[in-house]
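In what follows, a single structure is set out as structure tokens and then discussed.
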Amino acid sequence: MDWYMMNCELLATCSALGYLEGDVYHREPDCLESVKDLIRYLRHEDESRDVRQQLGAAQILQNDLLPILVQYPQDKVLFDAIVRLMVNLTQPALLCFGKVPVDAASRHHFLQVLSYLQAYKEAFASEKVFVVLSEKLYDLLQLDWEQRQEEDTLLIERILLLLRNVLHVPPDPTEEQGVDGDASVHDRVLWALHISGMDDLLKFLASAQVEQQWALHVLEIISLMFRDQNPEELAALGQGPAGAEHGEDTRELETLRQRELAEKRARALQRPSRHSRFGGSYVLQGLKSIGDRDVVFHKGLHNLKSYSHDLGKEPQRVPRRRQAAPESEPSRRSARNVRLFLRHFCQDFLEGCYNRLMLLVKDQLVREKAQQHDETYYLWATAFFMAFNRRRGFRPELVSETVSVRAFHFIEQNLTKYYEMALMDKKEATTWARRMHLALKAYQELLRTVQEMDRCPEQAVRDSSQVIKSNIFYLMEYRELFLTLFRKFDETKQPRSFLRDLVETAHLFLRMLERFCRGRASLVVQSKRVRRKKKPRAPTAVAPPPPSTAELEELWAGLAPQLQACLEGEVPLPEDVVPFDAASETPVEEQRAEALLRIQGCLRRSQVPQALRLLRSARDVWPEGDVFGAADAGPPEETRLLREILVAPLPQNAPPEPEEPEDEEEEDEEEEEQTVQVSEKEFNFLDYLKRFACAPVVRALVLLLRGYARNSPRTNHCAARLLHRLARDLRMEPLLFQLSLFALFHRLLSDPAAGAHQELVALAKFILGKFFALAATNKKAFVELLFWKNPTAVCEMTKGYSSLQEGEGAPRSRVPPWTPQEEQELRELYWKYKEVEGEDVIAAILAHLPAPGRTRRQVVKQLVRMGLASSARDFPRERKGTRIVLWTQEQEEELTRLFEEFQGSDDVLGNILKHLTARRSRARVVEKLLGLGLVSERKELYKKRRRKSHGHGPGTAAAGVQAVPAQDSSAEDEDSEEEEDEEDEMEEGPMEENWAPEEGAGQGLAQRLHQEGLAGPLRWLENCLRRAAGDREEDGVSHPVPLVPLAEENEDAMEDRRFQSLLRQLGLRPPASEQESFWRIPAALTPQQLRRAAASVAHHGPDPSGSPRDLPEPPQCPQDPGPGEGPGWGCGTPTSGDGPEPLSLCPSAEELPAELGSDSESEEPVPVPVPSPVQSGTKRRWELDSEDEDGGSSAPSPLPPLPGPGLAPAAPCSEEDEEDEDPQPRGRRKRIRCLEEDEEEEEES
């Protein structure tokens, strides 16, 4: 469509606005109505934004709207309508389209709208326009609150939105190709804003007490004003002579000049003094060509060094999904007058507005009064203005609002949230990576500010920095942050600038931590260890034999007096006995049979009051058939009924048969009971540094150093220093023996301008010297160059490849070795049962193997090792119900008859499954019923849930005591359902939102799962339920909360059918459709119900961690605010002893990071006793996952005091597995491989 051909109605409306004659605009009488019509047209535009494009092509804003705004500002109604229309026309293209379109047509419309916005921004670079807007805004701000009408407040907001929209328009790279120092369109808009006095109004809005509602608008506008600026360059402007400002440019030009001169000298030395007409041909001995002959080189010898087999080849195209993430818009240097104006703005803003504005914005973010992702402006302002303050004569009082433990906690929370969302939301991973970069820069600037506070001459400021460092170095979240970011760095999602800031921040953190440890004899931090204690497997439960008739008669004789006392009212009956659960999936008939069993059990346990109450309650629930007696039954009849129930041979529930778990470890013969022990221990810096000695960290550093020529000297120094720490301080030089790094060293050493990178050159020579020294004794070192290495490989390269097997680090196998006799017997059994059809080979072998007993996995692994099988996939597990596939005619007739018989019952599908002759799964029966046309949709087969009913329902049958269903069919039905696929289990339809679990639901199953090794996932589930309950109590709102397992152990548990059965019993909802991937805590569950469910899951056993008591009040810093005062920097003073006692880093009264809904295996976090003046929001987050640890870390709690008389220790609750452990535990890898083999076996079967 040609957008220059406007719609006739739109053209008539635009023509009725008026006309421009010279510099004077003459409006028509219908001007106001035409503006309102244009607003109405924009409200009803289509997905291609046709109206917006036609108005942009006709330049309505440049030729009509802006002249009307400038010449008729006194017409209040018209001015308001014009501003409304311009706010709509200038809104960002991303808001118009929702996101950057993917298809070509929509993307063309998006780019067209963006080009019109860029034309609008150029039209706004006029002093007249901003003078009118600033005067109008000034007049509105002069009005008192009692004089300001709602229309005035709306007009203030629209003017701020218009300013935001204009500044938000990105530059056009094709039009703005000037050098640094030229005035761009953005610079001209900023200058017009400055001339009109709008910047002073923004500072007033940021500092005025009565204008708090505009805090986020002002912060967003300020962030857009400084979009292209560098805070350090801006702060250095005007310091010293004018020539000093161009010192960086001069150094860059000098470096380029030296490189060019070095290349000229190298070329001059390569060329001979006399030109040879015949270059000659040479044979390169030892270098093979395509065939078996040596390469023939047809160029001069001076070009021999540049020879490669890749010469003349087309470079391989890199797929888009593997391309490096693009860098953000490069910062450019604005015109000098614009930079001077912005520098003065920053100074005034810091002195009068920063602390107050950041406090208001933080409060709105915590209270969730802001829009989504508005915290990014807070993060940007923290990084920008703190860097400006640090570079422009550091004054800590100007940024006191954002220098505290609360600030570290807030930034760490958001950084963790962005990191987790980047892992889960793959489509928007690049966007989340940009937000994560903002948070990382804010974190880096906080660390730099704390480092600058250490150099401050004021003692109070230095004390505050010590308190802040004590807290951030004590907590594991801050120490593990950089390790996780290094391990999860993805160059396709995160740009090189993110890696640069990550390396610089990690270097700064390590240097601060090293200096903090250096000045102390010892340092104490929190630590949490997971201890595993072997315990024998629980023996198979055997049902006790039923009592004899004589024993029952003797028991009844003893119960008769007690029953008589209950009937006469002398003994009160309990009130909390309920025989029927309306929310249970158990059919009504089965619940009636269970009620009889409960009455009999109470009688045999001598609980006569409970048995009598159950009898009367069951009579009210099931009055039909007089199964529990007539409605008007008296004491004699009740006595007779209870005696009959006591002696009746009712079928008892058989104990569940133990079955081999899917995720059983391959060498475990005994279960392991995990206990989490939280304590404090002494911190060792070198042990912490060993955590960085892994392949992901080294790979990221090498990737950053590939662009050493483009990196700043600061970046190259940080990367080289980190590599030096790993190689020299840890004595792990072989960790850097990698071919890609050596290729980088070769390029560096052959670089003519290598003199500018002396630190990298020294590192390269040191590493190469160590490599050739090792290669003299270990010839395999050349092969090791092809692989990234870990500390284990480093140890093997230096001490020998059998050192770990013969030394102390050799793992002791818990599996008894196979003797030659056992291998021979296994081989004979395998060949004996291999050809038997219809029989499980492994099951037959296990039945005939002698002691010691072997597990299925051990037998399969030994068969593969002996070469009798290719892989474990050759022995899939047999599943129940998988052999019956086809339906015979007799089976179809039986299914039809059963459907007609139970069509009116509460559980049609359950009754059919119990009475089918051939065992089938729920999914197969449902499919067949749909195929036969007996039901039209699956909902007709859902179980009907009923409450108490005293009448005779349509599906109720009258039966006596003998009508109790046999337990064998129900038990077999449960066993078969547990073995079906996930799709079979989900056929019953989504769980009702209003279903509520009863108290104690799932407690028995939870105990069994705890005994089978699922203690960690159960603790994680308990923490999620308790924190969801706390959030709902505090917020007063209930939303469905997804259960997102980040740890591998929890992911495996969520796939376990018994664990899913526990979730259903607790009232949790499975994924309702293909759009959902996780289980959810329904919004209908109240906090009390969630706590009851958490109590059912909790393991009732001894608590190894103890309980906190006698917590001391943390000390405060001298500059800490008192009650009612604003927040300061400090939050506590570390406690130290006079003697050799270690220093304990006590957390302060500041709010510490919380792990809401995390995968932690820790106990419920203990709240900090001293509240913070500004409380953080209770948003959920999950702990950063780590490849080296078995579990997450819990939220911090009050710390134990120093050991001394009269002080009771408190229960710590965080985790750190960094000391005295290998960075990559071998046992965990082995367990992961076992789990993967299990999954492969399940897929094949």
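Where a number appears in this text, it was derived from the coordinates with a stated rule and is not lab data. What you see is a predicted model; the values in this text were computed from it and never measured. With ideal geometry, Cβ positions are generated from the backbone for all residues, glycine too; neighbour counts draw on all protein chains shown.
Summarising the label geometry, the points placed 7 Å from Cα in the beta-carbon direction at Ser712 and Arg267 lie 3.3 nm from one another. In this rough spin-label picture, where each label sits 7 Å from Cα along the Cβ direction, the Asn684-Arg455 distance is 3.4 nm. Where the alpha-carbon atoms of the range 275-388 are placed on the principal axes, they occupy 77, 37, 20 Å, in descending order. Working ranking of peptides 731-738, 453-460 by packing, defined as the average number of other Cβ atoms within 10 Å per residue, highest first, is 731-738, 453-460. Across the range 130-153, the residues whose backbone nitrogen lies under 19 Å from the label position 7 Å along the beta-carbon direction of Gln209 are 141-148.
The string of couplings for the range 741-747 from the Karplus curve (6.51, -1.76, 1.60, θ = phi - 60°) is 5, 5, 5, 5, 4, 5, 5 Hz, one whole number per residue in order, with x for Gly and Pro. For the pair His108 and Glu157, a Förster radius of 30 Å applied to the C-beta separation gives a FRET efficiency near 0.35, rounded to the nearest 0.05.
In summary, the lysines within cross-link reach of Lys427, defined as a Cα separation below 20 angstrom excluding same-chain residues under 8 places away, comprise Lys99, Lys417, Lys488, Lys493.
Quote the FRET efficiency, to the nearest 0.05, computed for Glu21 versus Leu311 with a Förster distance R0 of 56 Å and r equal to the Cβ-Cβ distance. Numbers along the way, then the final one.
Values: r = 69 Å, r/R0 = 1.23.
FRET efficiency, Glu21 to Leu311: 0.25.
The length gained on full extension between Asp182 and Gln372, counted as 0.36 nm times the residue separation minus their Cα-Cα distance, comes to 64.8 nm.
FRET efficiency for the Glu327 to Thr250 pair, using the beta carbon distance and R₀ = 25 Å, is estimated at 0.50. Distance between the modelled labels on Glu28 and Leu140, one decimal in nanometres: 2.8 nm (7 Å Cα→Cβ projection).
Does anything in the range 723-742 have its amide N under 11 Å from the 7 Å Cα→Cβ label point of Ala773, and if so which residues? Answer for this model: 733.
Size of the range 99-168: Rg and Dmax of its alpha carbons, in Å, are 16.9, 53.
Post the alpha-carbon centroid distance, the range 86-139 to the range 59-73, in whole angstrom. Here the two parts' Cα centres lie 15 Å apart.
Using θ = phi - 60° in the Karplus curve 6.51 cos²θ - 1.76 cosθ + 1.60, the 3J(HN,Hα) couplings for the range 696-707 round to x, 5, 5, 5, 5, 5, 5, 4, 5, 6, 4, x Hz; x is entered for Gly and Pro.
Segment Glu9..Ala123, full-extension length gain: 38.5 nm, with 0.36 nm per residue of separation and the alpha-carbon distance subtracted. Ordering 357-364, 106-113 by mean Cβ neighbour count within 10 Å, with the highest value first, yields 357-364, 106-113. The packing ranking, built from the mean of other Cβ atoms within 10 Å per residue, places the peptides 322-328, 474-480 in the order 474-480, 322-328, highest first.
Report the full-extension gain for the segment Ala1095 to Glu428: residue separation times 0.36 nm, less the Cα-Cα distance, to one decimal in nm.
236.3 nm
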